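The values are calculated or read from the model by the stated rules, or taken from the named source; none is laboratory data. Remember, predicted model here, so these are calculated numbers, not experimental data. Cβ coordinates were reconstructed from backbone atoms using ideal geometry, including for glycine residues, and neighbour counts include every protein chain displayed. Remember, those area values only see protein heavy atoms, side chains included, never the ligands or the DNA or RNA. Shrake-Rupley method; radii C 1.70, N 1.55, O 1.52, S 1.80 Å.
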Amino acid sequence: MGSIDGEIPAVWFLISSIGFIILSLIQYKNTGKSINTIFLSIMAVLFFLSYFVLLFKA
């Protein structure tokens, strides 16, 4: 088992980003361009950028 030391592994941000992308595509298909679709897209971009920040931090 892994230890819980308060650090979030970077891969969780990538998994969350992919999930937000899938959800935003489903939302866009069902309702079109709405505030929920925009929110999910922004969350996907934020989590994707966070993944790269954690991956390449010094």
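See the values below:
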| quantity | calculated |
| --- | --- |
| Qualifying residues in the stretch 23-58 (those that are touching a Ser or Thr at 6+ places or on another chain (Cβ under 8 Å) and more than 23 Å from A10 (Cβ to Cβ)) - the one least open to solvent (accessible area, probe 1.4 Å) | T37 |
| Count of residues meeting criterion [at pLDDT 90 or above and in contact with a Leu (Cβ under 7 Å, 6 or more places away or on another chain)] in the stretch 1-39 | 4 |
| Members of the stretch 8-44 found to be more than 30 Å from K57 (Cα to Cα) and small (G, A, S), listed by number | G32, S34 |
